[in-house]
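Structure provided below as structure tokens; questions to follow.
The values are calculated or read from the model by the stated rules, or taken from the named source; none is laboratory data. This structure is a prediction, so every number in the text was calculated from the model and none was measured. Note that we place each Cβ from the backbone using ideal geometry, even for glycine, and neighbour counts take in every protein chain shown. Note: areas computed on protein heavy atoms with side chains; ligands, DNA, RNA excluded. Shrake-Rupley method; radii C 1.70, N 1.55, O 1.52, S 1.80 Å.
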Amino acid sequence: MSENPVLPNGWQLVVGLEVHVELATKTKLFSASVNRFGDEPNTNIDPITLGLPGALPVLNKHAVELAMRIGLALNCKIRPCAFHRKNYFYPDLPKAYQITQYDHPLNVDGFLMLPGEVRIGIERAHLEEDTGKSVHFGGSSGRIHGSDYSLLDYNRAGVPLVEIVSRPDIRTSEQARQYVAELRAILLAVGASDAKMEEGSMRCDVNVSVHRFGTPFGTRCEIKNVNSIRSVGRAIDYEARRQVELIEGGGVVRQETRHWDDASGRTETLRTKEDADDYRYFLEPDLVPLVPEQSWIDQVRLALPPLPAARREMLAELCGVDKNGESAIVVVERGQDDYVREVIANGGDPRRSVVYVQQAFAELGPKPRVPAKDLAALTILERDAKVTSTQAKTLLTELIEAGGGDVAAMAAKRGFEALDTGALEAMVDAAIAAEPGAWKKYCDGEEKALGALVGAVMKASKGKADGKAVTALLQAKASA
Amino acid sequence: MKKLVEIVAGVGGGSLTATSVVEEHLDRIRTRDGEIHAFNLVTADQARKDAAKIDADIKAGKKAGPLAGVPIALKDNMCTRGVETTCSSKILQGWKPPYDATVVGKLREAGAVIVGKTNLDEFAMGSSTENSAFGPTKNPLDVSRVPGGSSGGSAAAVSAGFAAASLGSDTGGSIRQPAALCGVVGVKPTYGTVSRYGLVAFASSLDQIGPFTQDVRDAATLLEVIAGHDPLDSTSIPQPAISLVPVLDHGVKGMRVGRVTDLPEGCEPDVLERLEAAFDALRNAGATIVDVELPSLQYCLTAYYLIAPAEASSNLARYDGVRYGNRVDAPDLNAMYAATRESGFGEEVKRRIMLGTYALSAGYFEAYYGKALKVRRLIYDDFARAYTKVDAILTPTSPSVAFKFGSKTDNPLAMYLCDVFTIPTNLAGHPAMSVPFGLGADSMPVGIQVLATTLGEQSMFKVAAELERAS
């Protein structure tokens, strides 16, 4: 248990997250309407989506399968389960109830491991339907009360969601960010969701409380509208400080729902416990219990792809990088680790292969169009000092733009050629002779003087010299 | 008046045309529905077109459907594409569904001709059709009396010869009770037998669509067409419709029929007399009468009036004025909701929404709704025990013959008691039907209710057919 650096001594932060993810199904949870973001409003609708009188829900089996994938990836037990109605009035909720899972969720009692072997418990991951979307015009708050009019888009209504509820095991805002990032990586890996926070297909509600070490947990506040991993950290830090200051000033934290305002960096009261709805949950009589057969569960488990943590480990080992480092995380998140493996299989330099992909392949997706053998050839050119690292970057850009090609020919066309060691050494000697003042300072330990010397060599070589090689030569000469 | 099976035989065999049959029924509607008010809407033009199409198809040599040319009326809580579906409520007045209920599709495919939408107690909540926002339906046998409810319009339409058959929905007796009061046959099939897709929900775990007809054979014929699995209804039983017509002539020899020893009190003597006559008739036909106990029967009415309103409070929450139906504008959202629902719903609907909301509320759930579910389990178990000893059970359908208008409107509890014999079936999900069996007080018809276990429709129809032969 690590202490939170942003909190004063003696205070402990306790965080639990409720993450909603939209499932990547073709159709909605209970109807045949298309599940697709960004379409013309109210085009992906039907009698079930709109809750027209007489319409009945029919459960989408693929949604159940994706929810099971999430559960299994989070080490949950899959249970016989049922659907309930959660009743409340709001214009974007067409039936005036949401079909959700209440006391019998599909997935229960799992966990997610953060880097550093920090285990975050997963209480449940249940299926439910999304609401439509309201946009309010006029008024100052952007909410329905006080607005002049509202427009409703029911395309999102009925889209399948899985709500993943963590246990209050998170102790720092950094852990919360890691949790969301890791969860997102898992969702992408198992193909359950596109998990785009900016499009709302992954949404976080954050429960924050503070207490003094050794005392019971404090009263929690739920923070809504946290729409990026960065905001998760900022909102928690703000809210934790707010609660500590409140208590230290003699106040009491009220259980309430608070709204995160990203622009001002503050949370504000949305509603208190007193005006919370009574949802009158009861078993949804239009559906039958969902009892996944063991053979189905086993089938989903067997088909589960390797998860991000395992993939990062494999990649790190193969490439000689840190399994919790940027390259491994980013490449696995983008699903480009198979590609990196292919580059290495084609003779690519392991470390350069993963770094090139991390740095330059952000837009290329899991199956980059650059042939693996071409990227492999480039890493070898650089490794063997046939081109400088700067030249290699230029060639990499060209390779991506062209979608592949003979990198040796490209290098030759640009006049990139390796300087042999003798020529380079002669140029270094010439630079020392030309800049005696800088050389003396450098030999006296003034690192800044190195720049003038390297610059002189680069100028003499017309940029063909490899900066690293030049530095290494100068160092060797200075310490000789 | 022609029976359904006579029409099918005549139209299919060329001795009748669908057009002549439909005109005959439209004539009767024109002559008498002004007085009876069985219909909220008569779709005469469409019915004529549909009939002409059927006649043309048959003339062209196409095979006639199992309901070819049969004029059928639909309770106005079943969705009909492009045709107003109101549930006899102001809140849905003018609403035209963009789709057909599954049963409507099945009827059309079978060659039936839909003649109109029938009146009901608003959202099927009531036992007399006096709760319709558009005025009550009158009993064709005595217009000073109610036709029963909630499917009063559908029962009256068959009784008055406005349609050869009709469909109703039964949540606590809404098919059987009006069938009894109007002297026709009414069937509530096993829950899940007939698709609910497109039936505007009252209480989803209890609602079931079923037929009204002039006799038992017509009912069996119509039920065979509308039953069967529907993938659009998750509670639909995944098996084909049960074959019924072939068992009608089997008789009841060797069958065991239950007499409930602890029947709730309050039944009129004229009705009990007919019940005894029914047992005699079955005994004479070779059945054995066996005493059965249903100790939880006495709690069913109470349990029903918690479960049904609880589900209704949720099912009817969607009528909020936002997307369809009528809206009463107001300065803000909550005021709009309140004004819309205040003016759109009638007294009985509001009463049940409040009852149901209360029963589901935090702090009251276990004491009311939770306990009602336990009673539901008990009556289910009671029936299960009884059906180890018998093939069917007989009870009255309604405690009395059709009553006079206004005689129970001031006392909701008296009205609720109309369903005391019919409600247990819905709680158990079982089938039951009402068969006319002679006359009671004031020469009004008495209906006998035949109950059977889940998917026990064959036993039920055998007994019903025997009663019909004996009456």
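Filter the stretch B:308-323 down to the residues that are farther than 19 Å from B:Glu348 by Cα and at the interface with chain A (Cβ under 7 Å from one of its Cβ atoms), then identify the one that is most open to solvent (accessible area, probe 1.4 Å).
Step by step, filter the stretch B:308-323, then rank; the result is B:Arg323.
Take A:Arg254 and decide whether it is basic (Lys, Arg), more than 28 Å from the chain's Cα centre (by Cα), more than 14 Å from chain B (Cβ to nearest Cβ) and open to solvent by 20 Å² or more (accessible area, probe 1.4 Å).
It is true that A:Arg254 is basic (Lys, Arg), more than 28 Å from the chain's Cα centre (by Cα), more than 14 Å from chain B (Cβ to nearest Cβ) and open to solvent by 20 Å² or more (accessible area, probe 1.4 Å).
Within the set of pairs 6+ apart or on separate chains, which have a first residue in the stretch B:258-273 that is over 18 Å from B:Glu293 (Cα atoms), a second that is outside any loop (DSSP other than H, G, I, E, B) and open to solvent by less than 30 Å² (accessible area, probe 1.4 Å), and C-beta atoms under 8 Å apart?
Hits for this filter: B:Asp270/B:Val446; B:Val271/B:Pro396; B:Val271/B:Val446.
With B:Leu92, B:Leu74 as the choices, which residue is among the aliphatic types (A, V, I, L, M) and either open to solvent by 10 Å² or more (accessible area, probe 1.4 Å) or at the interface with chain A (Cβ under 10 Å from one of its Cβ atoms) (or both)?
Of the residues listed, the single one that is among the aliphatic types (A, V, I, L, M) and either open to solvent by 10 Å² or more (accessible area, probe 1.4 Å) or at the interface with chain A (Cβ under 10 Å from one of its Cβ atoms) (or both) is B:Leu92.
Test A:Ala408 against the criterion of being assigned by TED's automatic domain parsing to the domain that holds A:Gly365 and either in contact with an Asp or Glu (Cβ under 7 Å, 6 or more places away or on another chain) or among the aliphatic types (A, V, I, L, M) (or both), and give yes or no.
yes
Filter the stretch A:275-304 down to the residues that are at pLDDT below 95 and not charged (D, E, K, R) and list them by number.
Passing the criteria: only A:Ala276.
How about the stretch B:113-125: which of its residues are touching a helix residue (DSSP H, G or I) at 6+ places or on another chain (Cβ under 8 Å) and either open to solvent by 10 Å² or more (accessible area, probe 1.4 Å) or among the hydrophobic types (A, V, I, L, M, F, W, C) (or both)?
Listed by number, the residues that qualify are B:Val113, B:Ile114, B:Val115, B:Leu120, B:Phe123, B:Met125.
If you don't mind, another one. Quick one: in the stretch A:29-62, of everything that is closer than 30 Å to A:Pro306 by Cα and more than 14 Å from chain B (Cβ to nearest Cβ), which residue is most open to solvent (accessible area, probe 1.4 Å)?
If we take residues in the stretch A:29-62 being closer than 30 Å to A:Pro306 by Cα and more than 14 Å from chain B (Cβ to nearest Cβ), then A:Arg36 is most open to solvent (accessible area, probe 1.4 Å).
Here is a follow-up. So which of B:Arg341, B:Arg327 is over 27 Å from the mean Cα position of the chain (by Cα) and over 23 Å from B:Gln177 (Cα atoms)?
Answer to the check: B:Arg327.
Going through the stretch B:277-336 one residue at a time, which ones are within 24 Å of B:Ile423 (Cβ to Cβ) and among the charged types (D, E, K, R)?
B:Asp291, B:Glu293, B:Glu311
Answer yes if at least one residue in the stretch A:76-84 is surrounded by fewer than 23 Cβ atoms within 10 Å (Cβ to Cβ), within 14 Å of another protein chain (Cβ to nearest Cβ) and within 28 Å of the chain's Cα centre (by Cα), and no otherwise.
no
Please enumerate the residues belonging to the stretch B:129-153 that are touching a strand residue (DSSP E or B) at 6+ places or on another chain (Cβ under 9 Å), part of a loop (DSSP other than H, G, I, E, B) and of a type outside the set (D, E, K, R).
B:Ser132, B:Phe134, B:Thr137, B:Leu141, B:Ser144, B:Val146, B:Pro147, B:Gly148, B:Ser150, B:Ser151
Is it the case that the stretch A:211-225 has a residue that's assigned by TED's automatic domain parsing to the domain that holds A:Tyr90, closer than 22 Å to A:Val118 by Cβ, in a helix (DSSP H, G or I) and open to solvent by less than 20 Å² (accessible area, probe 1.4 Å)?
No; the residues of the stretch A:211-225 include none that is assigned by TED's automatic domain parsing to the domain that holds A:Tyr90, closer than 22 Å to A:Val118 by Cβ, in a helix (DSSP H, G or I) and open to solvent by less than 20 Å² (accessible area, probe 1.4 Å).
If you don't mind, there's one more thing I want to ask. For the stretch B:154-170, how many residues meet the condition of being farther than 13 Å from B:Ile72 by Cβ and either within 8 Å of the chain's Cα centre (by Cα) or in a helix (DSSP H, G or I) (or both)?
Selection size over the stretch B:154-170: 5.
I've got another one for you. Only one of B:Ala51, B:Ala60 is out of contact with any Asp or Glu (no Cβ under 7 Å at 6 or more places or on another chain) and either among the hydroxyl-bearing types (Ser, Thr, Tyr) or open to solvent by less than 20 Å² (accessible area, probe 1.4 Å) (or both). Can you tell me which?
Just a single option satisfies the conditions, and that option is B:Ala51.
Table: residues versus (1) out of contact with any Cys (no Cβ under 9 Å at 6 or more places or on another chain); (2) closer than 30 Å to B:Arg318 by Cβ; (3) of a type in the set (Gly, Ala, Ser).
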position	(1), (2), (3)
B:Gly14	yes, no, yes
B:Thr43	yes, yes, no
B:Lys62	yes, no, no
B:Asp76	no, yes, no
B:Thr86	yes, yes, no
B:Gly94	yes, yes, yes
B:Gly111	yes, no, yes
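Right, next: What number of residues within the stretch A:331-377 are in a helix (DSSP H, G or I), of a type in the set (A, V, I, L, M) and surrounded by fewer than 18 Cβ atoms within 10 Å (Cβ to Cβ)?
So the count comes out to 2.
Contact list please: Cβ distance under 7 Å, first residue in the stretch A:272-289 and at the interface with chain B (Cβ under 10 Å from one of its Cβ atoms), second residue outside any loop (DSSP other than H, G, I, E, B) and among the aliphatic types (A, V, I, L, M), pairs at least six apart or on different chains.
A:Arg280/B:Leu360; A:Phe282/B:Ala310; A:Phe282/B:Leu360; A:Glu284/A:Ile99
Okay, moving on. So, in the stretch B:95-122, exactly how many residues are assigned to a loop (DSSP other than H, G, I, E, B) and within 14 Å of another protein chain (Cβ to nearest Cβ)?
8
Further question: For B:Ala359, are the conditions met, namely being crowded, with 23+ Cβ neighbours inside 10 Å, among the aliphatic types (A, V, I, L, M) and not in a loop (DSSP other than H, G, I, E, B)?
Answer is yes for this residue.
Also, quick follow-up: Determine which member of the set B:Tyr304, B:Tyr299 is touching a residue at least 24 places away in the same chain (Cβ under 8 Å), more than 9 Å from every other protein chain (Cβ to nearest Cβ) and open to solvent by 10 Å² or more (accessible area, probe 1.4 Å).
B:Tyr299
A further question follows. Sort through B:Asp215, B:Asp142 and tell me the only one that's surrounded by fewer than 24 Cβ atoms within 10 Å (Cβ to Cβ), of a type in the set (Asp, Glu) and closer than 21 Å to B:Asp270 by Cβ.
None of the others qualify; the one that does is B:Asp142.
A:Phe111 versus (1) part of a loop (DSSP other than H, G, I, E, B); (2) surrounded by fewer than 23 Cβ atoms within 10 Å (Cβ to Cβ); (3) touching a strand residue (DSSP E or B) at 6+ places or on another chain (Cβ under 7 Å): which is the lone unmet condition?
Only one criterion in (1) part of a loop (DSSP other than H, G, I, E, B); (2) surrounded by fewer than 23 Cβ atoms within 10 Å (Cβ to Cβ); (3) touching a strand residue (DSSP E or B) at 6+ places or on another chain (Cβ under 7 Å) is unmet by A:Phe111, namely (1).
Can you find a residue in the stretch A:22-34 that is of a type in the set (D, E, K, R), in the same structural domain as A:Lys196 (by TED's automatic domain parsing) and assigned to a loop (DSSP other than H, G, I, E, B)?
yes
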